[in-house]
Amino acid sequence: MKKIIIAENIVKFFGEGDEKLNVLDGVSVEINEGEFVAVMGPSGSGKTTLMFTLSGMDGIDSGKVIFDDRDLAAVGENELADLRRTKMGFVFQQPTMLKNLNILDNIILPSMRGNRKNAVEISQKAEELMKRTGIGELEEREITQVSGGQLQRAGICRALINNPEIIFGDEPTGALNSKSAQEIMDIFREINADGTTIMLVTHDAKVAAQTERVMFMRDGKIIREMRLAKFSGTDIDDRINRVTAKMQEIGI
Amino acid sequence: MYYRLIRNDMLKSKAITLITIIFVAAAAMLICLAAVLVVNLTGAIDTLMTQAKTPHFMQMHSGEIDTERLWSFTEHNSNVDQFQVLEFLNVDGARIVIDGKSLADSVQDNGFSTQSEKFDYLLDLDGNVINAADGEIYVPICYMKDGAAKIGDKVAICGKQFTVAGFLRDSQMNSLLASSKRFLISKNDYADIKGFGSTEYLIEFRLKDLSQLSAFENAYAATGLEANGPTITYPLFKTINAISDGLMIAVILLVSALVVAIAFICIRFTLLAKIEDDYRQIGVMKAIGLRTSDIKKIYLAKYIVTATVGCILGFALSFIFRGMLLENIRLYFGESGSSSLALLFGIIGVLLVFLAIIAFVSGVLRRFRKISAAEAIRFGTAQEKTAGAKHLRLSGNRLIDTNIFLGVRDVFARKRLYATMFAVLVIAAFIIIVPQNLYNTISSKSFITYMGIGNCDLRLDIQQTDNISQKAAEIAKTMESDKSVSKYVVLTTKTFNVKTEGGLEERIKIELGDHSVFPVKYYQGRAPAAKDDIALSAINADELGKNVGDDLTVVIDGKQKDLTVCGIYSDITNGGKTAKAVFNDNSADIMWCNICAELLDKSLVDSKVSQYADRFNFAKVSGIDEYISQTFGTTKDSVKKAADAAVAVALLITVLVTLLFMKMLVVKDRYSIAVIKAFGFTNQDIKAQYLARAVFILIVGIILGTLLANTLGETLAGIVISQLGVSSFNFAINPLATYLLCPLMMVFAVLIATIIGVSAVGQIKISQNIKE
């Protein structure tokens, strides 16, 4: 199976001098095409930074990140932007929407760069995605006029608008109540079932339990991995127990 | 703690701190200069008026005078301290020739006086009372300023020779706005030339108690004493003296108000961005129980430092420019003797700037009170209201590039934010265009017809010689046979007495000849055609109180003749007091004659000028361009200088404000920038969006600025132009300069400033800024 991301021994520091902090301390990761992965760990363990470095949004101090057969260190700023726009999708904990644009415009934004002639097709696609994620009626709404859960679904639509190969999620359910959170996870599972690779960073054992592979981080290192079978939606309690047991075992 | 906070903050925003300091320094300097100028001006005027013993009340009078009646009035009025009647010999400017050049084009009524005995002295440049010896002449200071005369020059008055022995300060008539100028000569010389002019009397009083001035005025008027002429009192002398430099001070104050406003804009930008930056921190400080006033102090401290540095710098700079601006005051009025007072007021001015800035910052910081601790901690930013632009949908846009669309859309969505920059650009466009248009207007060839000069190519002036009419005929004959001359006209100027409203007579100059050959612009009526037509210059029409259609009685060859006013025109020649008519007259003396000609081939002007100058050495021959530049070249030059300075200032303001605004905007928008970067927009895309915003605001600003310039600006320029004696006025616009060059310069300035201002976009890291 093709490996979409290969990271070898990546090291990253924050700050300088006495305040220098080693946030990633020799991390190596491989993510296969179509995989559904979670990264877990306490605050400050480096999981969000790992996501930023794997997606090329943040540089590294040493090591190597290969994305889609390309060494990100050798790719220029503009090409990195092109990669993010065409091959990656992002969903953040906060909705990260532009306040001046309405829901629909926020969703189509990544697709409109240099592509305005296809505005109609892009909008149709966005509307389909919105229907699929259950917010089909909200396209004309301003972002202040909808709930957090609805905004997060819009965020997923935006991540999907350019048919990315991988979606990165940074605590995508962190700001939602449990019902909304589960609905979002159901959408992610569907997207994954269609073949899109997904990497989620999370605190939540219930979120991690619905993926196929969980990486546990502490102090800038991946200290353990566990594999789970593909989640069918039935044995959630058992899977959660396995994840929490593993967390207790390694002490996070 | 304050020291570290301030240092870190300033290091982080070096450019912005520097720009703010520059504006504060400029404002402090200007206010300080204005204060120093006011103190020096009033001080110097007081000194001059005290030394010269300026009359408290002066009645100008022409015609018969009953001195005994005046003496008797004086004896019965207990308030009179001193009384005298001075003579002022009014001589036509054409008959006063300094160093070979006559004062015919002088806008002043030039005349002669002897030194008075009791008060109203004419002083030399050291403040001493002058005693003129026979053959000596003392010239008003304004002719030294404009270079018309220097010590040792020969002056001919109606043929009598004098030597310039020095210059005089006249506490009454120093100002260019006082329309008369007194030359000082000895009593013997005065007696010699008395026959060449008309005598006016200056009836002057000094009072024991100046506060009783209005009672005295009433008493004088009630007694029905001599009053054929203006009445001027001590306070009015003061005002007239102060007004020229006062205008300069007013301009400085206006400019400093503009600069203070810009300094405030800078401070508001920086401060609001900083508050936004620290929103969460401020919330936390509130939450842990710090008082609003404590939090304010932290932010105020930086501006106390900035304002202090700026004010000290401005105060220091004011010393450099002080001498330059005081030069004129020193020349016209002498030393003020109040330099320490000037320094004190300068310091007070600077302190006012400092306090205004601190008060302003304090006012902006009042919004701390509105920050809810809970909201600040939870959201980290102020919940910005966005309105408008709802109809501008990205999803509905297929025409405009996405980056440009997003940029322009943002301007609509956040109108209030962009309003300041928009206003600055409108003002900048206005400041650039109006003086340019004014300059184009007065330098365009057709403009001379606004000014009483016909649109010809060649002009020959014959004056101060005998047999003028024969000499003119001789030239006319030559022109008649000259094939390169397409048309010509001989215009003869004579003086005639006209009856004024009060039944008295006044002398006016009337230019006789065919006025249809090279017509001037008549803003009312038409050129004189019939024998009983007369056209008046605007100033004459105003002074005589005549309108088109009114009758004017002119004494021709001893007989009164009623002429009809057929037109009124603007004129800047001969002091603006002229008239035009076509009647024949062989009685009056010819003052001068001029012959205007048009050439078939305009390129021949220079050769024709020298040809005619060689042949007729008694005439002054000039090409019309040369004539215009002599007549009002200095005005044109100063307008050109002012226009260029305005362009430079406006462009500088444009660059600085745009730079500052864009830097602020990038800091303010760093979250949105991080978001669109995360979703695959490049740095160039984002910069393009900011450029689109700047250019969009600029275009709308230029359009509005141009519209305002051509409406409001034209009216304003009309007011300025009317000072030249031109009454009706429309801009002559050079489309290339106004509609292409000026906008291009602004576009260039804004583009450069924006590109530099948004260069920090590349340094905004997604990972650090994407979390709100």
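The values are calculated or read from the model by the stated rules, or taken from the named source; none is laboratory data. For clarity, every value in this text was computed on a predicted model and none was experimentally measured. Because the Cβ atoms are built from the backbone with ideal geometry, glycine has one as well, and the counts that use them run over all protein chains shown. What goes into the accessible areas is simple: the full protein's heavy atoms, side chains included, and nothing from ligands, DNA or RNA. Shrake-Rupley method; radii C 1.70, N 1.55, O 1.52, S 1.80 Å.
What to note about this one:
- Considering only residues in the range B:98-132 that are open to solvent by 20 Å² or more (accessible area, probe 1.4 Å) and part of a strand (DSSP E or B), the one that is nearest to B:GLU506 (Cα to Cα) turns out to be B:ASP109.
- Verdict on B:LEU33 being touching a Leu at 6+ places or on another chain (Cβ under 8 Å) and either of a type in the set (A, V, I, L, M) or modelled with pLDDT of 90 or more (or both): yes
- Taken over the range B:395-408, residues that are open to solvent by less than 50 Å² (accessible area, probe 1.4 Å), facing another protein chain (nearest Cβ under 7 Å) and closer than 14 Å to B:GLN689 by Cα amount to 1.
- Of the residues in the range B:433-445, none is in contact with a strand residue (DSSP E or B) (Cβ under 8 Å, 6 or more places away or on another chain) and crowded, with 23+ Cβ neighbours inside 10 Å.
- Selection within the range A:44-100 - within 15 Å of the chain's Cα centre (by Cα) and small (Gly, Ala, Ser): A:GLY46, A:SER55, A:GLY56, A:GLY89
- Scanning the range B:259-270 finds no residues that are surrounded by fewer than 17 Cβ atoms within 10 Å (Cβ to Cβ), of a type in the set (A, V, I, L, M) and more than 41 Å from the chain's Cα centre (by Cα).
- Inspection of the range B:83-97 identifies no residue that is over 18 Å from B:SER180 (Cα atoms), touching a helix residue (DSSP H, G or I) at 6+ places or on another chain (Cβ under 6 Å) and open to solvent by 10 Å² or more (accessible area, probe 1.4 Å).
- Options B:LYS286, B:LYS296, B:LYS370; residue that is at pLDDT 85 or above, charged (D, E, K, R) and out of contact with any Cys (no Cβ under 9 Å at 6 or more places or on another chain): B:LYS296
- Residue count for the range B:648-701 under the criterion of being assigned to a helix (DSSP H, G or I), of a type in the set (Phe, Trp, Tyr) and either without any contact (Cβ under 8 Å) to a residue 12 or more places away in the chain or within 27 Å of A:GLN93 (Cα to Cα) (or both): the result is 1.
- Residue in the range A:168-175 that is away from every other protein chain (no Cβ under 11 Å) and under 25 Å from A:GLY59 (Cα atoms) present: yes
- Conditions (1) polar (S, T, N, Q); (2) open to solvent by 20 Å² or more (accessible area, probe 1.4 Å); (3) in a helix (DSSP H, G or I); number of the one not met by B:THR74: (2)
- Scanning the range A:201-252 for residues that are in contact with a helix residue (DSSP H, G or I) (Cβ under 7 Å, 6 or more places away or on another chain) and outside any helix (DSSP H, G or I) yields a total of 12.
- Of the candidates B:SER444, B:SER481, B:SER486, the single residue that is within 19 Å of B:PHE518 (Cα to Cα) and at pLDDT 85 or above is B:SER486.
- So B:ARG280, is it over 31 Å from the mean Cα position of the chain (by Cα), in a helix (DSSP H, G or I) and farther than 30 Å from B:ALA28 by Cα: yes
- Of B:GLY623, B:GLY680, all but one fail to be open to solvent by less than 10 Å² (accessible area, probe 1.4 Å) and assigned by TED's automatic domain parsing to the domain that holds B:ARG414; the exception is B:GLY680.
- From the list B:TYR488, B:TYR523, the lone residue that is under 35 Å from the mean Cα position of the chain (by Cα) and among the aromatic types (Phe, Trp, Tyr) is B:TYR523.
- Flag for B:LEU707 being closer than 17 Å to B:LEU406 by Cα, away from every other protein chain (no Cβ under 14 Å) and not acidic (Asp, Glu): no
- Residue among B:ILE137, B:ILE203 that is assigned to a strand (DSSP E or B), touching a His at 6+ places or on another chain (Cβ under 8 Å) and hydrophobic (A, V, I, L, M, F, W, C): B:ILE203
- Residues being touching a Ser or Thr at 6+ places or on another chain (Cβ under 7 Å) and assigned to a loop (DSSP other than H, G, I, E, B) - total across the range A:3-29: 0
- Test: residue in the range B:296-317 that is open to solvent by 20 Å² or more (accessible area, probe 1.4 Å) and under 21 Å from B:ALA250 (Cα atoms): yes
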